[in-house]
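First up is the structure itself, then whatever we jot down about it.
The values are calculated or read from the model by the stated rules, or taken from the named source; none is laboratory data. Predicted model only: the values in this text are computed from it and were never measured. Counting neighbours? That spans all protein chains shown, and the Cβs are built from the backbone with ideal geometry, glycine included. These accessible areas exclude ligands, DNA and RNA; they are computed on the full protein's heavy atoms, side chains included. Shrake-Rupley method; radii C 1.70, N 1.55, O 1.52, S 1.80 Å.
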Amino acid sequence: MNWKVISRYIGLALLVSSLFMFLSLLVSLRDGMDSAFGPLLVSFIITFLVGSFPFIFVHKSSSISLKEGYVIIVLSWLFSFIFGMLPYALWGGPFSVDDAWFESVSGFTTTGSTALASVEDLPRSLLFWRSSTHFIGGLGVVVFLLLIIPSSSPVRLRLTNMELSSMSAALYGTRRSKTVYIFASVYLAIFVLSFLAYLLAGMDVFDALNHAMSVSATGGFSTRNESIAAFDSFAVEAVSVVFMLASSLHFGLLYICVVARTLKPLCNQVTKFFLISVLAFSLAVALSLRINGNESSFLEALWNGLFQTVCIVSTTGFAVTDNLNWPVFANLLLLIAALMCGCAGSTTGGIKTDRVLLLFKSIGLQVRKVLHPTRVNEIRMDNRFLRDSEASPHILFICLYFCVLMVSVLLTYLLGMNLYSSLAASISSLGNVGPAIRELGTFGNFSDVAPACKFVLTMDMFLGRIEIYPVLAVVAMIFDRRRRK
């Protein structure tokens, strides 16, 4: 294991964070050097120096091994979390060390849960830093590295193959060397367009910028305690719904739609299944709200049901209403939606719609095999036929996902959370969704959650963001080395 080479690429990740800390410093200067200027300045200096250190003392390497690649991915995220908490911890105020860690991990993993009772108490520069962690995490710490590394480098190809899900790679329609640029260009396009749309909808520049970073990353951090509801604007809500849905679709397909000037690439089974699921969940939630008298009209219930469903499946976590007093059935539907979430190749978390559809098709295949054992039965995804060897890793991922979820529920329950909150918080955190239900719902926060529970939930966020396997690979390497000794 070449730790010098690994440190060089981790340093790159920290330099990206230091860049956005510097931008946050500019916001502080714009506001007359607010109370976060000192903490941000110290954090910037520390992060920049530590990130620059490997470039001074470590020679550039043209290649990395498979094991080194997984270590780079895992440690780049972990070090981003650690240095990302510095502005919060140094500023103090409502931030304890565990709260600063929680806020940092929640930001970088685009989960959007907060440990703060009132985000409006933060200076604008810290609010900008919170949103910046979303922006970095949405594009991906490792994707930032890939954009910096030359396309001809074998390091870049190896990291690309590790970072991109095999479920999403086939839909880019181009070589893997270009997929990173496609993902980044669509991501930036959604950010810019949502920023302009928010301005046109009536937001000021600062709010539009922060919410655009959140919606493009499907994160959910807001500058207001009541999130989108604070603006009391249908135009702002409509803009949010449109761009949350866009950020939930496969970025490669969106790119092809723009280049080919046609929506035909979106007419595939996964996208149709995703959109139909969103409509079905929205309608069911709306009926539950109206029947139980939570909304004064069906139209209002339908809009609130649609908005919150899109927030959950896109893992954005914005809010227009408090789900604290919603009927159990409506909240249960949102928890189920939080398991599936958006499409592979997007910035969403969760199991992904593609895998859920593949699971249903696999079940159908087994039923057909029972009924017609002599017939040739295959799984068909649009024009592709998948062999068992191609489908089984994704089915195993779903099993692994629920295993991690059960462990998280058990740990948080043993550490003091009630079973209902433990289940909801674990589903929300592992899926990078953000809000859960009851006191942890759309207008709630995690400020009263025990520090040990917060740590477990941040581990869920981390595992959900990098889709579990890279962490397991690194853990397996550690145990393998110890066994050899």
For N268, state whether it is open to solvent by 40 Å² or more (accessible area, probe 1.4 Å) and of a type outside the set (G, A, S). no
Kindly evaluate K352 against the criterion of being open to solvent by less than 80 Å² (accessible area, probe 1.4 Å), in contact (Cβ under 8 Å) with a residue 60 or more places away in the chain and charged (D, E, K, R). yes
Is it the case that some residue within the range 229-238 is open to solvent by 30 Å² or more (accessible area, probe 1.4 Å), β-branched (V, I, T) and part of a helix (DSSP H, G or I)? no
Would you mind finding the one in F455, F397, F446 that is under 21 Å from L359 (Cβ atoms) and either of a type in the set (A, V, I, L, M) or under 21 Å from the mean Cα position of the chain (by Cα) (or both)? F397
Identify all residues within the range 1-22 that are in contact with a helix residue (DSSP H, G or I) (Cβ under 7 Å, 6 or more places away or on another chain) and aliphatic (A, V, I, L, M); write none if there are none. M1, V5, I6, I10, L12, A13, L14, L15, V16, M21
Filter result for L15 (farther than 29 Å from D480 by Cβ, open to solvent by 20 Å² or more (accessible area, probe 1.4 Å) and modelled with pLDDT of 90 or more): yes
Being crowded, with 21+ Cβ neighbours inside 10 Å and β-branched (V, I, T) is the filter here, so list the residues in the range 180-211 that pass it. V180, V186, I190
Selection from the range 307-325 of residues of a type in the set (S, T, N, Q), in a loop (DSSP other than H, G, I, E, B) and farther than 16 Å from K352 by Cα yields T321, N323, N325
Candidate set: the range 18-44, residues that are of a type in the set (A, V, I, L, M, F, W, C) and touching a Lys or Arg at 6+ places or on another chain (Cβ under 9 Å); chosen: the one most open to solvent (accessible area, probe 1.4 Å): V27
Looking at (1) open to solvent by less than 70 Å² (accessible area, probe 1.4 Å); (2) hydrophobic (A, V, I, L, M, F, W, C); (3) at pLDDT 80 or above; (4) under 21 Å from L275 (Cβ atoms), which is the one condition that is false for L365? (4)
Quick check on S362: is it free of Cβ contacts under 8 Å to residues at least 12 places away in the same chain, outside any loop (DSSP other than H, G, I, E, B), over 20 Å from T110 (Cα atoms) and among the hydroxyl-bearing types (S, T, Y)? no
Scan the range 24-51 and report the pairs whose first residue is more than 13 Å from W91 (Cβ to Cβ) and whose second residue is surrounded by fewer than 22 Cβ atoms within 10 Å (Cβ to Cβ) and among the charged types (D, E, K, R), with Cβ atoms within less than 6 Å and a gap of 6+ or a chain change. V27/R124; D31/R124
Out of the residues in the range 212-228 that are closer than 18 Å to D121 by Cα and not in a helix (DSSP H, G or I), state the one that is most open to solvent (accessible area, probe 1.4 Å). E226
For residues that are over 22 Å from D232 (Cβ atoms) and surrounded by 15 or more Cβ atoms within 10 Å (Cβ to Cβ), tally how many sit in the range 284-309. 4
Would you check if R387 is in contact (Cβ under 8 Å) with a residue 12 or more places away in the chain, of a type in the set (K, R) and open to solvent by 50 Å² or more (accessible area, probe 1.4 Å)? no
State whether the residues of the range 99-119 include one that is within 26 Å of L29 (Cα to Cα), open to solvent by 40 Å² or more (accessible area, probe 1.4 Å) and modelled with pLDDT of 90 or more. yes
Can you tell me which residue in the range 313-331 is farthest from the chain's Cα centre (by Cα), limited to those that are under 20 Å from S222 (Cβ atoms) and open to solvent by less than 10 Å² (accessible area, probe 1.4 Å)? N323
Against the condition in contact with a helix residue (DSSP H, G or I) (Cβ under 9 Å, 6 or more places away or on another chain), assigned to a helix (DSSP H, G or I), open to solvent by less than 30 Å² (accessible area, probe 1.4 Å) and within 18 Å of F397 (Cβ to Cβ), how does L334 come out, does it pass? no
